[in-house]
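Right, one structure below, let's go through it.
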There are 2 protein chains.
Amino acid sequence: MSLRFEISKIGHAARRATLHTPHGEVETPAFMPVGTAATVKGVPQDLLEQLDVQILLSNTYHLYLRPGIDQIRKLGGLHRFMSWPRAILTDSGGFQVFSLSDLRKVTEEGVTFRSHLDGSSHFLSPETATEAQIGLGADIIMAFDECTEYPADASRTRNSMEMTLRWAQRSKKYFEDHKHEVPWQSRQPSAVSHQEKTRFLDSGDESERGFISAARNDSFDKPEQTQALFGIIQGGMDHALRKESAERTIEIGFDGYAIGGLSVGEPRALTREIVESTIEHLPKDKPRYLMGVGTPEEIVEYSNLGIDMMDCVLPTRAARHGLLFTSEGKISIKQARYAGDERPLDPSCSCQVCRRYSRAYLRHLYASNEVLSQVLNTIHNLTYYLDTMRRVRHSI
Amino acid sequence: MSLRFEISKIGHAARRATLHTPHGEVETPAFMPVGTAATVKGVPQDLLEQLDVQILLSNTYHLYLRPGIDQIRKLGGLHRFMSWPRAILTDSGGFQVFSLSDLRKVTEEGVTFRSHLDGSSHFLSPETATEAQIGLGADIIMAFDECTEYPADASRTRNSMEMTLRWAQRSKKYFEDHKHEVPWQSRQPSAVSHQEKTRFLDSGDESERGFISAARNDSFDKPEQTQALFGIIQGGMDHALRKESAERTIEIGFDGYAIGGLSVGEPRALTREIVESTIEHLPKDKPRYLMGVGTPEEIVEYSNLGIDMMDCVLPTRAARHGLLFTSEGKISIKQARYAGDERPLDPSCSCQVCRRYSRAYLRHLYASNEVLSQVLNTIHNLTYYLDTMRRVRHSI
């Protein structure tokens, strides 16, 4: 069993549950902070642990280009590479290929694209994207899909949905044939620890080093388990196509189901409508993941509709632009009005930033283009999102 | 008494001592990390506390330009502004005026210069630099001096030294007349806490918030104490002038003495020679501060010559450029050879970076231009410097 989804409470449409992954439990509904390049920008992993982050999202596209999948596989997979012992989900890379790369060419086989970093040419398909995600070794990985653009006409939407279904089938097949190749398994404790033991013994602090060495093997290697693969529902803004996409994706059979192709420019009321109607067609006993949302209000709203997992760059990206979420509304810390403001950012927040620093200091850091600005702002915004989800879970 | 310097051990020329400041004790010999704009770039204050940083250096020039001295004074001084309850030393701004600003014009009265930020025109003199430092409220502040350039001929060196002596006298006079204006004193607990109490009571978490409020007043306000003013010895690379500068600076009378005008391009052997000969003329019972040095080897060397305090941007700036100090020598983490290197940066180091991350991950962060690279590299390099000083102190 790669993933167990245990629902403990149901309130109207919402569900409170625990997702048991090979790298720990995730309480849902959950917001997943985005760690694009194997780092949540500016925040050390021990701080993420202190914030009680239970699952991170990382982007296959970025890691595929740099440092490369082979590199991370050789280093024991993404958990070990970034020293994150808790759960990770990777996307398939498809969405970034569509949004970030140049000169992409989509065929039935897959997508040829140029790297946004150096212009080099690459090819991703259901098989290679799944291979990459097995190499990274996240706990939950995603089928390779085409995110249908908005707006799109009826025939374009159907064709795109049909291709996503064929790609889902191919992703599933590749996964079933290769899931044993996940780096947790190829790396037995005995294979690593001789060199490590030698080094640790040499370091003169045996007991402590020994502990770290053991902790490393225990936390990262899960020889008995495999990853979980999620399918992605497409179908644009068409209720009938969404229903059909859901039914046919479920027929292929996945460990969980994601709703893709939303937050692509459509009005928010439409997003909600599509989410609500799509959820009706999803199995009640599997996790439901709404990709790429949202604002603090939206993550509450979608949780109440029955969504279990969400991710969004908003809290981390907004933090870098000095936009902070508080219980009293949004604050743009760059404004001169905060230059002499001794109050904490959010008096109701107990994060280490609100406990220690004034708005005046945070404004100074932002105005001075200091790196600490990004670090502290990100810690606060993530706390705000995680606290919001804790409240949502308790309210169910 | 603003500063008590208590020597506990003397070994050859070196001394081990405790510097009692209004904001806590500093064990010497000490290395002071540089927090230019009221932040050690990228490192939150609680982490600096965990690293056991006991004193920080901050730059008057930068804070004078942004956010401005009045702003910091109104906010209760630098300790409160940046939420740093431990000791701080500020320089006078003189050195940065010489090294960073444009179009500076030096007269007997002081220095007119243009801001490196926006080209605006400013004037710093012994009086205004001391006023600024009183407004910031660091525990130790520096007389305004002219850093003699290298090389300089005999008459230029003497004239510059003579002006520094006159400026030292004026700095001292201004300080004695105004030292009661330090923001710790103008801000009695009763003046701040009404508003704070109201806010904290409103926040619904009385006990915890009350604790923070109390901690704030206790840590930052020191109504019975004043700052300490250090004089600066100049005299270029001339032993006789250094001796004369030392004797006449001591005659003016300061709480401690700094050796300035070194590390300005002269050969290292010459630096050492001048430090050694200058120390001979400094009082044994006052702290000696060597400004702007050095490498890990140099901070050991100068401590052994009898220096008590040092500061340098090297560990923090090198960290930002991926240059890391380890027990096995310097490592340039950008090199491709580290891309697959699973070892910790320094197997002998117990910092949170070496305990948790591999060289491969640190190399990836640097190559990807990730902010976490700067954060982690800085934590490691500061640990290396602070560990070095701990070893020096224990060896005395």
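The values are calculated or read from the model by the stated rules, or taken from the named source; none is laboratory data. Treat the numbers as computed from the prediction; the structure is a model and nothing was measured. With ideal geometry, Cβ positions are generated from the backbone for all residues, glycine too; neighbour counts draw on all protein chains shown. Ligands, DNA and RNA are excluded from the accessible area calculation, which covers all protein heavy atoms including side chains. Shrake-Rupley method; radii C 1.70, N 1.55, O 1.52, S 1.80 Å.
Quick look at the values:
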quantity	calculated
Filter result for the condition that a residue is touching a strand residue (DSSP E or B) at 6+ places or on another chain (Cβ under 9 Å) and more than 17 Å from B:Cys147 (Cβ to Cβ), over B:Val53, B:Val111, B:Val106, B:Val97	B:Val53
Unique residue being farther than 30 Å from A:Ala13 by Cβ and within 14 Å of chain B (Cβ to nearest Cβ) when the list is A:Arg343, A:Arg317	A:Arg343
Enumeration of residues in region B:296-355 that are assigned to a loop (DSSP other than H, G, I, E, B) and among the hydrophobic types (A, V, I, L, M, F, W, C)	B:Ile307, B:Cys312, B:Val313, B:Ile333, B:Ala339, B:Leu345, B:Cys349, B:Cys351
Filtered residue count, region A:140-166, keeping only those that are of a type in the set (Asp, Glu) and crowded, with 19+ Cβ neighbours inside 10 Å	2
The listed residue being open to solvent by less than 30 Å² (accessible area, probe 1.4 Å), out of contact with any helix residue (DSSP H, G or I) (no Cβ under 9 Å at 6 or more places or on another chain) and either under 23 Å from A:Leu290 (Cα atoms) or within 13 Å of chain B (Cβ to nearest Cβ) (or both), out of A:Thr39, A:Thr21, A:Thr60	A:Thr21
B:Gln227 being modelled with pLDDT of 95 or more, open to solvent by less than 30 Å² (accessible area, probe 1.4 Å) and polar (S, T, N, Q)	yes
Close pairs from region B:168-186: first within 19 Å of B:Ile232 (Cβ to Cβ) and in contact (Cβ under 8 Å) with a residue 60 or more places away in the chain, partner assigned to a helix (DSSP H, G or I) and of a type in the set (A, V, I, L, M), Cβ under 6 Å, at least 6 apart	B:Ala168/B:Ile252; B:Gln169/B:Ile252; B:Lys172/B:Ile252
Some residue of region B:2-15 being buried (at least 16 other Cβ atoms within 10 Å of the Cβ), of a type in the set (Val, Ile, Thr) and within 28 Å of B:Arg272 (Cβ to Cβ)	no
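Residue by residue, here is whether (1) within 14 Å of chain B (Cβ to nearest Cβ); (2) not small (Gly, Ala, Ser) holds:
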site	(1), (2)
A:Met310	no, yes
A:Ser327	yes, no
A:Ile331	no, yes
A:Gln335	yes, yes
A:Tyr361	yes, yes
A:Ser368	yes, no
A:Leu376	yes, yes
A:Thr388	no, yes
